[in-house]
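The values are calculated or read from the model by the stated rules, or taken from the named source; none is laboratory data. None of the values given here were measured: they were computed from a predicted structure. Here Cβ is always computed from backbone atoms with ideal geometry, including for glycine, and neighbour counts include all displayed protein chains. Surface areas here come from the heavy atoms of the whole protein model, side chains and all, with no ligands, DNA or RNA. Shrake-Rupley method; radii C 1.70, N 1.55, O 1.52, S 1.80 Å.
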Amino acid sequence: MTHDIQAAAQAIFDKPLQGQLLIEGRWVDALDGRTLERQSPAHGKTVATYAQAGVKDAQAAIESARRAFDLGPWPRMSGAERAAVLRRVGDAILAQKREIALMETLENGKPFEQALAEIEGAADLWQYAATLARNLHGDSYNTLGERTLGIVLREPIGVVSVITPWNFPFLIVSQKLPFALAAGCTAVVKPAEVTSATTVMLGRILLDAGLPAGVANIVVGPGSVVGDVLVTHPMVDMLSFTGSTAIGKQAVAKSAQTLKKVSMELGGKNPQIVFPDCDWDAAVDAVVHGIYFNAGQCCNSGSRVLVHRTVHDRLVEEVTARSRNVRVGDPLMPGVQVGAITTERQLDTILQYIHLARGDGAQVRLGGSRMDRPGMYVEPTVISGVSPEMPIAREEVFGPVLAVVAFDTLDEAVAIANSTPYGLSASVWSRDFDTCVAATRRIRAGTVWVNTFLEGHAELPFGGFHESGIGRELGRLATEDYTETKTMHLHIGPRQSMWSSKA
Ligand code: NAD
């Protein structure tokens, strides 16, 4: 297998993926002929070149989605017909999972085996959305009196702008697009410019699966140019955005000029709260996995551990020991657990946060530096002596950097957990039922794991409180989010004059 993957990667280094823009069912170059190139952060080799959209290309993509919505068959098809297309997409993703996973690894830097699991998970989301396409329904009121029947219709909201980040490119587009399509919407998708390959591959799959022209359009390009058009264009009805809180806030403000509906999945500073009575081994394992998974470039990263003071030193010792054994390296090699940092900018951000924590008096117990090897790698890093008000305890580092904070009581743990602007996820580690329920109820976050971490299912809603976002993805209501309701008020029989205006 190693040999296969290495050979497949070499084939891409020799002949990088060529990506174009998908507009109105056709693959086209940018109007001004511009292109952009992506190198693998782990290998420093070019893996893809793309047509780089400008403002006019983005506008054309939106107009295409608008026409496909206003005139096209897609919003008027039956749920069963839409479900059939979504199922074919899910099947094709599985059939091509190795090719897709390889491009994800080469552009993002994540281990191939992890990427493969993500692509399988993404295929499952397309299958799940297919079931929702047939289950989307409104409501009726037969209780409004003899002469009235009230029907509440669910209609697709229209054209959706889908903007995604670079940390889980294929998984995140699959948390949005199939649900929007299931509802009957049309879309323009803009992947992060550094990880656009798998979204382009998805575009090919969509066309092969029989998605009508213009229903899904893909524009590759910078957020400040292409993303801005997707956020502000009056023909767009809804914005579905995943990315940083800073850019998300700007996008919400700009989209408000045309009062678009927004669905925002943003950053997190997620606490794992460890009580002394927990299953110790499981908790330590989850702390280690929770911070280094995806090199910490994860909105759900367990980037701070809040630990009861009585077991603080033991936890720091054991987490540090296990962190030494985490296998960091070439993401194409089997068994590697942590790959490269995706962008140079992110690498700098991580190193700056570590520097800042040192300056604040926290102790770097392990790691703390860029690794001395080709490619962009950061050592697994454990920082203790952190107090809740330090930036390392409050801000999203988005790297393999764990901040350890001590607490004395459940009240204090909850207060610290809730003390950042974020509220995406958290975990509670205890064998005591009362502790688990009390903490879960009081933590202000969209997901609270109890005695586990980083698990997910298509059936369970995902999203954040506060500055971690607006709305929820996944779950049985995921498709409803991409709809409007319309009240149909039916009068039965002769209607009495309201104003007795007859002479
Ligand atoms: P980012 O905010 O820099 O970029 C996200 C997307 O927005 C990219 O496609 C980018 O090109 C685009 N963009 C940039 N500027 C824009 C603008 N002015 N107008 C419109 N679009 C613009 O985020 P990132 O660095 O790609 O991703 C990391 C962030 O994403 C982290 O904060 C992470 O927590 C968050 N994230 C959240 C979730 C979640 O579900 N809550 C999941 C994954 C990542």
message: On a straight-distance basis, which aspartates and glutamates could pair with Lys110 in a cross-link, Cα separation under 12 angstrom, same-chain partners fewer than 8 positions away excluded?
response: Glu118, Asp330
Whether region 275-395 is rounded, prolate or oblate, judged on the alpha carbon gyration tensor where a/c under 1.5 counts as rounded: oblate
query: Given the protein chains as shown and a 1.4 Å probe, how many square angstrom of Ile151 are accessible, to the nearest 10?
result: 50 Å²
field: Fraction of alpha-carbon pairs over 32 Å apart in the chain - percent
entry: 45 percent
- prompt: In terms of Cα to Cα distance under 16 Å, which aspartates and glutamates are near enough to Lys269, apart from those fewer than 8 places away along the same chain?
  reply: Glu389, Glu395, Glu396, Glu467
- prompt: Ranked highest first by average number of other Cβ atoms within 10 Å, how do 266-279, 226-239, 85-98, 363-376 line up?
  reply: 266-279, 226-239, 85-98, 363-376
message: Take the residue pairs Lys190/Lys249; Lys249/Lys486; Lys15/Lys45 and return only those whose Cα atoms are more than 20 Å apart.
response: Lys249/Lys486
- prompt: Going by accessible area, probe 1.4 Å, with all protein chains left in place, what is the ranking of Phe168, Phe293, largest first?
  reply: Phe293, Phe168
- prompt: Of Thr186, Thr409, which has the most accessible area with a 1.4 Å probe, and how do the rest follow in descending order?
  reply: Thr409, Thr186
query: Rounded if a/c is under 1.5, else prolate if a/b beats b/c, else oblate: with a ≥ b ≥ c from the C-alpha gyration tensor eigenvalues square-rooted, which is region 38-122?
result: oblate
query: Counting only protein heavy atoms, what percent of the accessible surface of the chain is carbon or sulfur at a 1.4 Å probe?
result: 52 percent
message: Charges on Cβ only, +1 for Lys and Arg, -1 for Asp and Glu, centred on the Cα centroid of region 271-450; of Cys436, Val305, Leu424, which one is farthest towards the dipole's positive end?
response: Leu424
message: Which order do you get for Tyr141, Tyr50 if you rank them by accessible area with a 1.4 Å probe, largest at the top?
response: Tyr141, Tyr50
message: With both bridge residues required to lie in the chain, what share of the DSSP beta bridges run antiparallel, to the nearest 5%?
response: 40 percent
field: Coil-residue GluC sites (Glu not before Pro) of region 309-403, DSSP, other Cβ within 10 Å capped at 14
entry: Glu389
Alpha-carbon centroids, region 145-205 and region 427-503: separation in whole Å: 18 Å
- line: Rounded to whole Å², per residue accessible area for the chain with a 1.4 Å probe reads 42 Å²
task: On a 0 to 90° scale, report how tilted helix 79-95 is relative to the longest principal axis of the chain, with both axes built from alpha carbons and the result rounded to the nearest 10.
output: 30 degrees
- line: Note to self, the chain gives a 222 nm [θ] from helices alone (DSSP H runs n ≥ 4, -39500 (n - 2.57) apiece, / all residues, nearest 500) of -11500 deg cm²/dmol
message: Let me make sure I get this right: for region 390-459, a, b and c are the square roots of the gyration tensor eigenvalues over alpha carbons, sorted descending. Under 1.5 in a/c it's rounded, otherwise prolate if a/b > b/c, else oblate. Which is it?
response: oblate
